[in-house]
Structures are given as C-alpha cells and as structure tokens.
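Reading through the structure tokens given below for one structure.
No lab work stands behind these numbers, since they all come straight from the coordinates. Keep in mind that this is a model prediction, so the values were computed, not measured. Cβ coordinates were reconstructed from backbone atoms using ideal geometry, including for glycine residues, and neighbour counts include every protein chain displayed.
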Amino acid sequence: MISTNQFRNGTAIRVDGKRFTILFFQHVKPGKGGAFVRTRLRNIDTGAVVEKTFRAGEKLENVRTESRPMTYLYRDGDTLYFMDSDTYDQIAVPAEVVGEASGYVVEGGTVSVLSADGEVVSVEPPAHVDLAVAETDPGLKGDTATGGTKPATLETGVVVQVPLFVNVGDRVRVDTRSNEYLTRV
C-alpha cells in the first residue's frame, strides 16, 4: 500500500482495479476543508490520461514495476523477441504492446522494457536512433540544408521528413520522441 503523501512522478498505482502511472501530482491545502491531492494519471494498459483527486493520506495499492534494458533480436509475424542483457533470457512481446516504437528498434539495438506485475506493458526505444534511408526522391546538385524537406522511408518502414540533400543509402539520426530528422551520420 502507498499513501498519497508518498506520491512521486512515475510511481505506479492501482485505482478501481486499473493500473496507472502518476504523470503529475499536487498537494492542495485549501483554507477551508481537508487537504487533497490532485493527480494526472496514465492508464498503463490503454495509454489514456485521466485526472483524479484523492483525499490527503488516502491509501492506494501500489503496482510493482520494473524497467530493464533489453536487446531486440528479431520479429516473427506479430511477435517481437527481446533478450535480457544480464541473464540472456528471451521474452516474446506482441506487436500491439510495442506499438509505434517498433519503427525505431533494429536488430541488436537496445531498448527499455517496462514490466508491471511481471507483465510487459511497454517498450521504450532510445531517444535517438541511426537508421539507413531505404527510399526517397534523389537529391539534386545545389540542394541545401536549409532549403526544404522531402519524405524518406527508413529501413524499419518509418517515414520522416529529411533535407533535400539526403539520398538512398545515407544513414540519418532520428529523434524517436518527435519523429524528426536530426543529422546525417
């Protein structure tokens, strides 16, 4: 059990039988009446964000979460396989759990796997990944870095906007949080 006085950003709790992580919390002590805690919570299973208010000192059930670095091995249909870097244990994760992050994981790449109550709930890619350009319009002489952008399909199937001078076969660094081109590597 965890008290509202022990809330921290990122803490996982169970409310009404559903698992949530705390995105934001604020202790409020009005001049009249009892203190309360205003929170913004993200549902671990669905990703939905809700706002909820608790009485100060209220006890809630906490959820045991663990985040471990793992290496991506391969994909077999709708299942992705990861290996724990310390124990060499392999786990299978359904593609719907990985979600959009699957466009940023490459074989041999390291990701952070979040487990809640022993069940994998999300896969977090690194902040920046280097990927090869698989398909894009050819660059022309005189194209500059500040000119414009064009769509490019990367080796994992993700489409990002890149400068006009980027060609097929170039490796580019992409920010996985905003899906933006950073630099050519």
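Observations, loosely collected:
- Out of every Cα-Cα pair that the chain contains, those further apart than 30 angstrom amount to 39 percent.
- Footprinting exposure proxy for M70, M1, M83 (fewest neighbouring C-beta atoms within 10 Å first): M1, M83, M70
- The calculated Kirkwood hydrodynamic radius for region 2-62 is 11.7 Å, given to one decimal from all distinct C-alpha pairs.
- Multiplying the residue separation of A132 and V50 by 0.36 nm and subtracting their alpha-carbon distance yields 25.7 nm.
- Taken one residue at a time, the phi angles of region 46-55 give Karplus couplings (6.51, -1.76, 1.60, θ = phi - 60°) of 10, x, 5, 9, 10, 10, 9, 10, 10, 5 Hz. Gly and Pro are set to x.
- Sequentially through region 86-94, phi angles give Karplus couplings (6.51, -1.76, 1.60; θ = phi - 60°) of 8, 9, 6, 6, 9, 10, 9, 10, x Hz, Gly and Pro residues having no value and appearing as x.
- Mean ellipticity per residue at 222 nm, deg cm²/dmol - from DSSP H runs of n ≥ 4 across the chain, formula -39500 (n - 2.57): -500 deg cm²/dmol
- Subtracting the Cα-Cα distance of K59 and T153 from their residue separation scaled by 0.36 nm leaves 28.9 nm.
- About the Cα centre, charge dipole magnitude for region 68-138 (Lys/Arg +1, Asp/Glu -1 at Cβ), debye: 120 debye
- Net charge contributed by nearby residues that have their C-beta within less than 11 Å of R171 (K/R +1, D/E -1): -1
- Proximal aspartates and glutamates relative to K29, as straight alpha-carbon distance under 19 Å, when same-chain residues fewer than 8 apart are discounted: E51, E58
- Length gained on full extension, D170 to E96: 23.7 nm, using 0.36 nm per residue less the C-alpha separation.
- Ranking T79, G99, S178 by Cα position along the charge dipole of the chain, where only Lys, Arg, Asp and Glu carry charges on their C-beta atoms, puts S178 farthest toward the positive end.
- Average Cα contact separation per residue, region 55-185, under 8 Å, 6 or more apart, as relative contact order %: 19 percent
- Long-range amide H partners of F24 with built H, under 5 Å: R40
- Counted by Cβ distance under 9 Å from V63, the other residues give a net charge of +1, where Lys and Arg count +1 and Asp and Glu count -1.
- Region 60-69 - phi-based ³J(HN,Hα) in whole Hz, Karplus 6.51/-1.76/1.60, Gly and Pro as x: 10, 7, 8, 10, 7, 10, 8, 10, 10, x
- Evaluated with a Cβ-only charge set (Lys, Arg +1; Asp, Glu -1), the chain carries a dipole of roughly 1320 debye about its Cα centre, given to the nearest 20.
- For q = 0.15, 0.18 Å⁻¹, Debye-computed log10 I/I(0) when each Cα of region 79-185 counts as one equal scatterer: -0.67, -0.85
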